[in-house]
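The block underneath contains the structure these notes are about, expressed in structure tokens.
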Amino acid sequence: MQFKGAFTALVTPFSNGQLDEEAYRQLIEWQIQSGINGVVPCGTTGESATMSHDEHKRVIRICVDQVKGRVPVLAGAGSNNTAEAVELTRFAKEAGADGALLITPYYNKPTQEGLYQHFKRIAEEVSMPFILYNVPGRTSVNMLPHTVARLNKDIPDVVGIKEATGDLSQVSQVLEFCGPDFQVLSGDDFTVLPLLSVGGCGVISVVSNILPDKMSALCSAWFAADLPKAREMHFLLASFSRMMFIETNPIPVKTSLSLMGRINLEMRLPLTPMSPANAETLRGFLADKGLI
């Protein structure tokens, strides 16, 4: 399975504390109609940390059903509890997801050997394509290139990684050690084009929640060897990338989608609505860009 191009790290719409299934299905449909290359339910942007297991599974099931095989579904299935990650990965496979996105264990700060054994155990229990997810800013652990290469060598199901370090030297080493067939996706909207330039294959994006066509166009231009167009999209998206992170993700992007009329504005604690000043800045920005 090729995970190539722009994948949206989908937000999860809520209404009165519950999943808003209709809004979620409409969001997915709009993404596909706008040319997105794939979708990721139950990632960080989808507020997976505050979902029950039943909710997590329902969100994946709905996403797979709505997509109906038109684009790949890469389901968030990671945990800092290895047994829990096995359970969520097994469900993702049973639900029909095309791959599982597996974050490094957070909070308990495993060693590099611990990271290796964590992913090895998941692979022993469930066979499906795995995209590892390295985001030290949220997990407090950095999975180093030699560990990624060891996993790729020993476990055929480890086909790629979402790299959210923003460190192009580390990304380059991952590709150097793993080879050109290893699928490296940017987990950082600011560095999509630079990552593509060293051999990456796409992005799992926050910004594409509101601009699926533009993020897809950036990747498509790169793969068509149209560097001027790719550079144009890179700079067009830069200000959006900054704006989507003026507060903790997914607060700004959910606020944006609400202002665009696509979802109800609701997050789960400990996430809270934007400060009035930032909300006004965001509203003015979106209006200036013609999105509202």
Of the candidates Leu265, Leu282, the one satisfying the condition of being more than 16 Å from the chain's Cα centre (by Cα), within 28 Å of Gly17 (Cα to Cα) and assigned to a helix (DSSP H, G or I) is Leu282
Scanning the range 188-241 residue by residue, the ones that are charged (D, E, K, R), surrounded by 17 or more Cβ atoms within 10 Å (Cβ to Cβ) and more than 19 Å from Lys254 (Cα to Cα) total 0
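Residues that are over 18 Å from Ala9 (Cα atoms) and of a type outside the set (D, E, K, R): which helices (runs of 4 or more DSSP H) entirely in the range 54-167 hold 1 or more of them?
82-95, 112-125, 145-154
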Quick count over the range 33-63, residues being without any contact (Cβ under 8 Å) to a residue 60 or more places away in the chain, more than 19 Å from Tyr133 (Cα to Cα), buried (at least 19 other Cβ atoms within 10 Å of the Cβ) and touching a strand residue (DSSP E or B) at 6+ places or on another chain (Cβ under 8 Å), is 2
The number of residues in the range 183-218 that are of a type outside the set (Ser, Thr, Tyr), without any contact (Cβ under 8 Å) to a residue 40 or more places away in the chain and part of a helix (DSSP H, G or I) is 4
For the structure I just gave you, tell me whether Ala221 is farther than 22 Å from Tyr106 by Cα, part of a helix (DSSP H, G or I) and without any contact (Cβ under 8 Å) to a residue 24 or more places away in the chain. yes
The correct count of residues that are closer than 28 Å to Phe182 by Cβ and either open to solvent by 20 Å² or more (accessible area, probe 1.4 Å) or aliphatic (A, V, I, L, M) (or both) in the range 1-27 is 6
Within the range 122-141, of all residues that are open to solvent by 50 Å² or more (accessible area, probe 1.4 Å) and out of contact with any Phe, Trp or Tyr (no Cβ under 8 Å at 6 or more places or on another chain), the one modelled with the lowest pLDDT is Gly137
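The values are calculated or read from the model by the stated rules, or taken from the named source; none is laboratory data. Since the structure is predicted, the reported quantities are computational estimates derived from the model, not experimental observations. No Cβ is skipped: glycine too gets one built from the backbone with ideal geometry, and neighbour counts run over all protein chains shown. Ligands, DNA and RNA are stripped out before the accessible areas are found, and what is left, the full protein with its side chains, is counted by its heavy atoms. Shrake-Rupley method; radii C 1.70, N 1.55, O 1.52, S 1.80 Å.
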